[in-house]
Amino acid sequence: MNIEGVNFYLVRHGQTMFNKKGLVQGWCDAPLTELGIQQAKELGDKWDISHIEIAYSSPSERAVDTLDYIVRGRIPSIEHKGFKEINFGDYEGSKVSDVFPDGTVHIRSYEYINGENKDKAAQRFLATMKEVAIQSGCHEILVVTHGSIIRELLRRLSVYYRENEMPTYKMVPNCSVTKIGMIHDEFQLLESPKVY
């Protein structure tokens, strides 16, 4: 089924305790910090969401809470496990500096340590985007999700991001908004991550 003119607004959750402590965070979870709550509330205040028809979030607490602070009951909101972060397997909860000492993540798959392949994670996410567009029938969709999975989508949709070794927290800041369009089942990057 072809879907025309659907816009997805991907928001990375607000800062979490694991972000603050520099710990690997994928399928494991940590609560928003006071700064993370403030970031989400400020996005809800500064970003006009009147055009958004429906909102989704990863089922992780940090994403659900971020969505709640942004939307505040103004539009329908649904949790969907297809929007989860990449599963980093046995690295979950480890110090980022121990696992990725040079600050650059060259690993494409964490399957060997009980995690997820990044390409399969991106395919899962894109398939979920198509699924919710078809099921909802909406054309303006908000998704609150996670930094590394947004980075993977950016890598797929842009040569600039594919060749960029910038750390995820700089490429996709907490509570940034990335706009991706879907036309005839094809995705394109419309706006790079932006902090309001």
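Given segment 1-98, report the % of alpha carbon pairs whose separation exceeds 24 Å.
27
Give the calculated FRET efficiency between Phe100 and Lys46 to the nearest 0.05, with a Förster radius of 30 Å applied to their Cβ-Cβ distance.
0.40
May I ask you to list the GluC sites (Glu not before Pro) in segment 104-196 that are in a DSSP loop and have at most 13 other Cβ atoms within 10 Å of their Cβ?
Sparse-neighbourhood loop GluC sites (Glu not before Pro): Glu163, Glu165.
With only Lys, Arg, Asp and Glu charged, each at its Cβ (+1 for the first two, -1 for the last two), find how big the charge dipole of segment 6-194 is about the Cα centre; round to the nearest 20 debye.
200
Assuming R0 = 30 Å, what is the FRET efficiency of Lys20 and Lys179, from their Cβ-Cβ distance, to the nearest 0.05?
On the way: r = 27 Å, r/R0 = 0.91.
Given R0 = 30 Å and the Cβ-Cβ separation, E is 0.65.
Could I get the Rg over Rh figure for segment 59-196? Both from C-alpha atoms, Rh via Kirkwood, rounded to two places.
With Rg and the Kirkwood Rh in hand, the quotient comes to 0.95.
Among Thr128, Leu190, Cys138, flag the residue with its Cα farthest along the positive direction of the charge dipole of the chain, charges on Cβ as +1 for Lys/Arg and -1 for Asp/Glu.
It is Leu190, whose Cα lies furthest towards the positive end.
Quick note: the coordinates plus some simple rules give every number you see, no bench work behind them. Note that this is a predicted model, so its numbers are computed, not measured. Cβ: placed from backbone, ideal geometry, glycine included. Neighbour counts: every protein chain shown.
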